[in-house]
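This report concerns only the one structure given below.
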Amino acid sequence: TNLLYYHLCLRLLGHPAFGISDEQVSKLRNKILSVFRQDLSKPFSAFDRGDYVNTDGNLLALDLDFFAPDSDEAKQLYALLKQHPLWQQAGGIPGRVSFPAYPDSWKPDYVKNVGLRDYHDVLYWSWLMALYAKVAYKMGDVDEGKKIFSALARVAKRDGWIYEVYRN
């Protein structure tokens, strides 16, 4: 959410009616880094501590050019993601939302009651699989992008449809 808000602020920066200044955008960027990327040897964390890593925030940082695509920061973040368990599970076909799995006490009853206890952490989301592939292509990792899209295409062909979530 913070990366989307930052991206929106950047887009509105050139429109005086919104009253967004370069200083505000710079402060927001620094706040995102200080809260969610306290340790540069790890991907962005999902919370204000580094023990949980989420997929969407990290991929959006690359997809929305939080770091310039050719920058050392973008290359480092991409390399960290490829080495992370989020990417390495399921035979290297990424798509999990978060790692590690959330404690059961964090999971809402409504997802437990419908049999989707692992919805927010362990299940593989099709749109995240596609975003992983898109980011791989953007980062120049064409073979990885093809591998992920091919896996998603095989699942679509098998099922005749793209579902929201899949189990490993």
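For the reader, a short list of remarks on this structure follows.
- Condition check for G57: surrounded by 21 or more Cβ atoms within 10 Å (Cβ to Cβ) and at positive phi: no
- Test result for V135, without any contact (Cβ under 8 Å) to a residue 24 or more places away in the chain and assigned to a helix (DSSP H, G or I): no
- Scan of the range 107-119 for residues that are hydrophobic (A, V, I, L, M, F, W, C) and out of contact with any Asp or Glu (no Cβ under 9 Å at 6 or more places or on another chain), ordered by number: V114, L116
- Scanning the range 107-132 for residues that are under 15 Å from Y52 (Cβ atoms) and either without any contact (Cβ under 8 Å) to a residue 12 or more places away in the chain or among the basic types (K, R) (or both) yields one hit, K107.
- Options V155, V97, V165, V111: the member that is open to solvent by less than 40 Å² (accessible area, probe 1.4 Å), within 20 Å of K42 (Cβ to Cβ) and not small (G, A, S): V97
- Verdict on D51 being acidic (D, E) and touching a Ser or Thr at 6+ places or on another chain (Cβ under 8 Å): yes
- The set of residues in the range 114-132 that are surrounded by fewer than 15 Cβ atoms within 10 Å (Cβ to Cβ) and either under 26 Å from A79 (Cβ atoms) or within 14 Å of the chain's Cα centre (by Cα) (or both) contains only W127.
- Options D48, D39: the member that is open to solvent by less than 80 Å² (accessible area, probe 1.4 Å) and either of a type outside the set (V, I, T) or farther than 24 Å from L123 by Cβ (or both): D39
- Subset of the range 38-47 [under 11 Å from N2 (Cβ atoms) and over 12 Å from the mean Cα position of the chain (by Cα)]: none
- The number of residues in the range 1-16 that are open to solvent by 100 Å² or more (accessible area, probe 1.4 Å) and over 18 Å from the mean Cα position of the chain (by Cα) comes to 2.
- Screening Y124, Y163, Y119 for residues that are in contact with a Phe, Trp or Tyr (Cβ under 8 Å, 6 or more places away or on another chain) and more than 30 Å from K27 (Cβ to Cβ) leaves exactly one candidate, Y124.
- Scan of the range 89-118 for residues that are touching a Pro at 6+ places or on another chain (Cβ under 9 Å) and either part of a loop (DSSP other than H, G, I, E, B) or among the acidic types (D, E) (or both), ordered by number: P100
- Checking V135 against (1) over 20 Å from F47 (Cβ atoms); (2) surrounded by fewer than 16 Cβ atoms within 10 Å (Cβ to Cβ), the condition it does not meet: (2)
The values are calculated or read from the model by the stated rules, or taken from the named source; none is laboratory data. Small disclaimer: the values here were computed from a predicted structure and weren't measured. We place every Cβ from the backbone using ideal geometry, glycine too, and count neighbours over all the protein chains shown. Heads up: the accessible areas ignore ligands, DNA and RNA and are worked out on the full protein's heavy atoms, side chains in. Shrake-Rupley method; radii C 1.70, N 1.55, O 1.52, S 1.80 Å.
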